[in-house]
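Take a look at the structure set out below.
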Amino acid sequence: MNRKLILACALFVVTFLCSIFSCHSIAQQKTGQTAHSPVSIKTMLDIGGEKQYVEITGASDKEPVILFIHGGPGWPQIPQLRYFNSAITQSFILATWDQRGCGLSYLNNPSPLNMTLHQIVEDAHQLTQYLLKKFHKKKIILAGYSWGSIVGVELALRYPQDYSAYIGIAQVINVKEGMAISQKWLTGRATEKGDINTLKTIAQLQMHDTVLCITNLDCFMKQYELVNSYHGAVFNPDTEKESEKAISAALDYSAYDWMKGFNYSARLLEKDMFATDFRNVRKLEVPVYLFLGRHDWNVPSVLAEAFLNNLDAPHKEIIWFENSGHGIPEEEPQKFNSVISEYFSSY
């Protein structure tokens, strides 16, 4: 093949390819399509005057945004979300952050100011505005887990215009009332087994015996130990082993002392946590979905079910997780991930 022929062939190939890509570009313009980019953000943002760790992940920046609010207080969820729930990021932009006094935010500043429920709600509101602007959304999906469900309901009450739906995972309604319900359940289980020691401890809790525990938080944790021994917090014991793997895999959290962070946040937020009472909340202006574990007696699902029955909302629904206690995203991750995808892709 002579040189002129080679040049002619090359010119033809280039012209042909250019015409293809040009036509594709024109077609995109006509249909209004734009390029989709994956999302992977791991950063410290200034939220409410504190540097707080934010992680945002998604296969495409055009997908719906979910803001996930972790529990505790002071118990980060990012390692577990990475390990158990990464499938969500194929269809959604999953955003979460370590609240002030927690996780990588705590490592950055172990003595943050304004450790109150009100401030954390405002922090979440500021993060919501960041997400709305960054991803050009009118609304995002809000998900609150355990303690985070207290923050979630407060956000839905104050700023309903920002959220297309609210997902309450192991929804807290009233901690003190929940403890009383758990004690009745525990009494029944312990009586069946002839568990004298547990029955004695329950009696001490009911009498507020300061020999057993002094603060509300101390008593809650004593009761948690009893509830968990009867699989009313973590229903499937294998979940705890998998959670340990999730934490071990998160090397960026290797320096974080989980119990120290929990105790720091929980002590400062104890008053707010035990003052929470949503039993008189009768209306939310966003669709409400409660993800409840059938075996959750740590934060009794029956209390959340009664709350929803009395609630006025554009849509309300309970999704039961039949093989879960309190830790729904870890205990039934496949169902959790698929329900998120099935129910909320249109939001």
Which is the longest run of the chain containing none of the GluC sites (Glu not before Pro) found in DSSP loop states (not H, G, I, E, B) with at most 15 other C-beta atoms within 10 Å?
1-284
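How big is the charge dipole of the chain about its Cα centre, in debye rounded to the nearest 20, if each Lys and Arg gets +1 on its Cβ and each Asp and Glu gets -1 on its Cβ? Could the numbers behind the result be given before it?
Numbers: 31 positive and 35 negative charges, 242 e Å.
Magnitude of the dipole: close to 1160 debye.
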How far is helix 333-344 tilted, in degrees, relative to the longest principal axis of the Cα atoms in the chain, given as a value from 0 to 90 rounded to the nearest 10?
60 degrees
Across K62/K138; K139/K283; K184/K335, pairs whose alpha-carbon gap is larger than 23 Å
K184/K335
Among the aspartates and glutamates, which have Cα under 18 Å from the Cα of K222 when same-chain residues fewer than 8 positions away are ignored?
E177, D195, D209, E270, D296
Of the options V151, P76, P64, report the single residue whose Cα projects farthest towards the positive end of the charge dipole of the chain (beta-carbon charges: Lys, Arg +1; Asp, Glu -1).
P64
Nitroxide proxy distance, nm - points 7 Å out along Cα→Cβ at K133 and S254:
3.6 nm
Degrees, to the nearest 10: 196-206 long Cα axis against longest axis of the chain
90 degrees
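Compute, for segment 176-229, the length of the dipole vector about the Cα centre, with Cβ point charges of +1 (Lys, Arg) and -1 (Asp, Glu) only. Units Debye, rounded to 20.
Numbers: 6 positive and 6 negative charges, 20 e Å.
Approximately 100 debye in magnitude.
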So what's the Cα pair-distance distribution over the chain, bin width 20 Å, in %?
28, 52, 13, 6, 1, 0
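Within 10 Å of each candidate Cβ there may be at most 12 other Cβ atoms; applying that plus a DSSP loop requirement, which trypsin sites (Lys or Arg not before Pro) in segment 131-166 survive? Each step should come with its number before you reach the end.
Working: sites: K133, K134, K137, K138, K139, R158; in loops: K137, K138, K139.
Here the trypsin sites (Lys or Arg not before Pro) that fit, given the DSSP loop and packing criteria, are K138.
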Quick one: angle between helix 238-249 and the longest Cα principal axis of the chain, in degrees between 0 and 90, rounded to 10, please.
50 degrees
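Note down the relative contact order for the chain as a percent, whole number, built from C-alpha pairs under 8 angstrom at least six residues apart. Provide the component values of the computation, followed by the final result.
Details: 604 pairs, mean separation 65.8, N = 347.
So the answer I get is 19 percent.
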Point-charge dipole on Cβ atoms (K/R +1, D/E -1) for segment 231-347, about Cα centre, debye to 20:
340 debye
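Each reported figure results from applying straightforward, stated rules to the coordinates on display, with no laboratory input. No experiment lies behind these values; they were computed from the predicted model shown. Here the Cβ is made from the backbone with ideal geometry for all residues, glycine too, and neighbour counts use every protein chain on show.
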